[in-house]
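Undergrad: Can you read through this structure? Questions will come right after.
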Amino acid sequence: MRIGKLDRRTLEKSVLRHFAKAGGDLLLGPAFGVDVGVMRSPSGYLVTSTDPITGEVDDIGWYSVHVSCNDVATSGNRPQYVETVVMVGEGEDDRRIEEISKGIAKAAKSVGARVVGGHTERAPGLDHSIVVTTAFAFANGYVTADGARDGDYILLTKTAGIEGTSILASAMGSKLSVLGGATLREGRDLSRRISVVAEGEAAYRSGGVHAMHDPTEGGVLGGLYEMGAGSGLGFRVEEAKIPLAKSTREITSSLRVDPLRLIASGSMLMAVDPGSLGEVLAAVRRVGVRATPIGRFEGEERILQKRGGGRERVDETVLDELWRLMRDPHHRPKRR
C-alpha cells in the first residue's frame, strides 16, 4: 500500500468529493494540488493552510511552522498568525515539549507571524511527536497553484530537493561518510533555507505571477504535476536547467536517489506571464533569492526533457524518494 500523500485518484474519490469546493463566503475549498483555502473576510480575504510533520524530526516545531507558512506564501501573502497541535509521544518528557515550543516560537518570529492558540497533549500509543500547524493571512488578493496559463514560464526558486537533502545528510551520515564532512554539513544546513515566504510575497507583488506552488512530497516533479493537473495544462521542463546544490547532487548520486522526486520544501514553483519574466526575476533577486526558468506550461502533455535527450512523461502523483528508501531495509532514513 502506498505511503505518504494520497494519489490524485484516491484523494478525489475518498476525500474531496465529500466537501464543497466553493460557495458563499468560501471562495476556494479543498482541491488536489492547491496549497490553501480562501474565504471572504470583511477586509478582503482570509487565506489559510494546515500541514503535519509526522516523521522523527529534531526541530519538529520549527519545521511545522515553516511548512504551513510556506503554503500560505504560495498565495503571495505573508502569514500573520499560526495555531499548533502538538501530540507528544508517551515516552517523551517535558524537555521535549519545551524544545518543540521554542522551535514553534522561533519559526513564527522569523516570518513575522504570531502564535494565537492550539493544543498540546501526551498521546497514548504514540512513540514520537507529531506537530500540526495551521497558518493564516488576511489579504487583499491572492493566487493559487491551479492558476497557471498556457504559455507561462515555469520558475524554480533556489534549488531542487532542499529539505530532502537535509534529511538524508542528517539521517544517513554514516552511509555517506565517504563524501566528507563538508558535504554533509552543507546538506544539513540547507534546512535553514526552508522558508519561501520572502520570495512568494515579492514575486506576487511584482504583478506577473499567475500561480505558485510549494513542492513538498514528490519534489519538483510532484509539484509540477499538481500544478499542471490543477490548471488543466501540460508542461515541458528541461532536467539540465533545474538547479541542484552541490551537496544535493553528491548525496543523491551516492544513494541513487532522484533529486527531482525528493521532498523540496524551501523552493517555490511559479507560473509567470511571459511579458513579466524580467520583473519577477528581479523582484525575487531583491530579497536575496535566485529563481531559474526551467520550462513552460503548454499543451496537454507533461514532459521532463532528460539530459541525455530522452523524454519522460509525468502522468501521475509522484512517490517521494524518501518513502521509497524507507521500504529498503538497508536504508529507512528517519526524519532527524
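Here, each number is a calculation from the coordinates, and none is a lab measurement. As the structure is a computational prediction, the values presented were derived from the model and not from experiment. Positions of Cβ are generated from backbone atoms using ideal geometry, with glycine treated the same way; all protein chains shown enter the neighbour counts.
Undergrad: Where does each of 285-292, 138-145 land if you order them by average Cβ count within 10 Å, highest first? Please list the in-between numbers first.
TA: Details: 285-292: 15.2, 138-145: 19.2.
Ranking, from highest mean packing down: 138-145, 285-292.
Undergrad: Taking neighbour counts of Cβ atoms within 10 Å as a proxy for exposure, in what order, fewest first, do Met212, Met87 appear? Provide the component values of the computation, followed by the final result.
TA: Values: Met212 29, Met87 17.
The order, fewest Cβ neighbours first, is Met87, Met212.
Undergrad: Quick check: net charge around Asp258, other residues with Cβ under 13 Å of its Cβ, Lys/Arg +1 and Asp/Glu -1? All intermediate terms of the calculation are to be shown ahead of the outcome.
TA: Values: positive: Arg249, Arg256, Arg261, Lys306, Arg307, Arg324; negative: Glu239, Glu312, Asp320, Glu321.
After counting each charged neighbour, the total is +2.
Undergrad: Same structure again: If you put +1 on each Lys and Arg Cβ and -1 on each Asp and Glu Cβ, how big is the dipole of the range 8-139 around its Cα centre, in Debye rounded to 20? Write out the running numbers ahead of the final one.
TA: Values: 14 positive and 17 negative charges, 156 e Å.
The dipole magnitude comes to about 740 debye.
Undergrad: OK, next. Taking +1 at the Cβ of each Lys and Arg and -1 at the Cβ of each Asp and Glu, which of Gly266, Ala113, Ala145 sits farthest along the dipole of the chain towards its positive end, judged by Cα position relative to the Cα centre?
TA: Towards the positive end, the residue furthest out is Gly266.
Undergrad: So what is the 222 nm mean residue ellipticity for the chain from helices alone, if each DSSP H run of at least 4 adds -39500 (n - 2.57) and you divide by all residues, rounding to the nearest 500 deg cm²/dmol? Numbers along the way, then the final one.
TA: Working: 10 runs with 107 residues, N = 336.
Mean residue ellipticity at 222 nm (helix-derived): -9500 deg cm²/dmol.
Undergrad: Let me ask something else about it. Given the options Ile251, Ser43, Ala22, identify the residue whose Cα lies farthest towards the positive end of the charge dipole of the chain (+1 on Cβ of Lys, Arg; -1 on Cβ of Asp, Glu).
TA: Towards the positive end, the residue furthest out is Ile251.
Undergrad: Residues of the range 108-146 with the amide nitrogen closer than 20 Å to a label point 7 Å from the Cα of Glu12, along Cα-to-Cβ, please.
TA: Residues 144-146 fall inside that zone.
Undergrad: Give, rounded to the nearest 20 debye, the magnitude of the charge dipole that the chain has about its Cα centre when Lys and Arg contribute +1 at Cβ and Asp and Glu contribute -1 at Cβ. All intermediate terms of the calculation are to be shown ahead of the outcome.
TA: Working: 45 positive and 44 negative charges, 141 e Å.
Using Cβ point charges on Lys, Arg, Asp and Glu, the chain gives about 680 debye.
Undergrad: Also, quick follow-up: With +1 on the Cβ of every Lys and Arg and -1 on the Cβ of every Asp and Glu, and nothing else charged, how large is the dipole of the range 221-336 about its Cα centre, in debye rounded to the nearest 20? Intermediate results must be reported in sequence, preceding the final value.
TA: Details: 21 positive and 16 negative charges, 141 e Å.
Roughly 680 debye for the range 221-336.
Undergrad: In the chain, if the dipole is taken from +1 on Lys/Arg beta carbons and -1 on Asp/Glu beta carbons about the Cα centre, which of Gly76, Thr183, Ser195 is farthest to the positive end?
TA: Farthest towards the positive end: Thr183.
Undergrad: Among 21-27, 275-281, 315-321, how do they line up from the highest to the lowest mean number of other beta-carbon atoms within 10 Å? Present the calculation step by step, with values, prior to reporting the outcome.
TA: Details: 21-27: 12.3, 275-281: 16.4, 315-321: 19.1.
Descending mean neighbour count gives 315-321, 275-281, 21-27.
Undergrad: Using 7 Å Cα-to-Cβ label points, what is the Lys109/Leu26 separation (nm, one decimal)?
TA: 3.8 nm
Undergrad: Sort 214-223, 74-83, 253-262 for me by packing, meaning the mean count of neighbouring Cβ atoms within 10 Å per residue, highest on top. Each step should come with its number before you reach the end.
TA: On the way: 214-223: 26.1, 74-83: 23.0, 253-262: 19.6.
Ranking the peptides 214-223, 74-83, 253-262 by packing returns 214-223, 74-83, 253-262.
Undergrad: Same structure, new question: So for His66, His210, fewest C-beta neighbours within 10 Å to most, what's the order?
TA: Details: His66 29, His210 17.
Least crowded to most crowded, the residues run His210, His66.
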